[in-house]
Amino acid sequence: MPEKKHKLPFNAERLEDDIAGPVLDSIIVHARSHGILCLPGEYSIASRHPASPVKITSTDPDNQGVYKEERLLGGPERYAVRYDIWNYRDSPAFAQIIILEDEAV
């Protein structure tokens, strides 16, 4: 198995109060750590996952030092979608999966 390019400890909290309407998942990723957002449900080649943008906010308007990586877990017949959020900054970053209105789940 190839070595991962990111090496940060997991330190994030799910923001349950923010998960409503178009927001499918919401977390705060603490400084110099990583967290995971999950798109609800399972998908396949016949039923692909929606193109949901991941919105990241932090004290830096350009979000320098905060990276995201989409991962499809499983195989083509059945997979889940997760987003790894890597925060190399010295301050927390907030991340959300937001569903586009024309992509209702």
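Count of segment 14-71 residues, restricted to those that are surrounded by 15 or more Cβ atoms within 10 Å (Cβ to Cβ) and on the phi > 0 side of the Ramachandran plot, is 3. If the condition is being among the hydrophobic types (A, V, I, L, M, F, W, C) and free of Cβ contacts under 8 Å to residues at least 60 places away in the same chain, then segment 13-32 contributes Ile19, Ala20. Checked against the criteria, Ser47 counts as farther than 17 Å from Leu15 by Cβ, of a type outside the set (A, V, I, L, M, F, W, C) and either at pLDDT below 90 or in contact with a Pro (Cβ under 6 Å, 6 or more places away or on another chain) (or both).
The values are calculated or read from the model by the stated rules, or taken from the named source; none is laboratory data. Everything numeric in this text was worked out from a predicted model, so none of it was measured. Quick reminder, even Gly has a Cβ in these numbers, built from the backbone with ideal geometry, and neighbours come from all protein chains shown.
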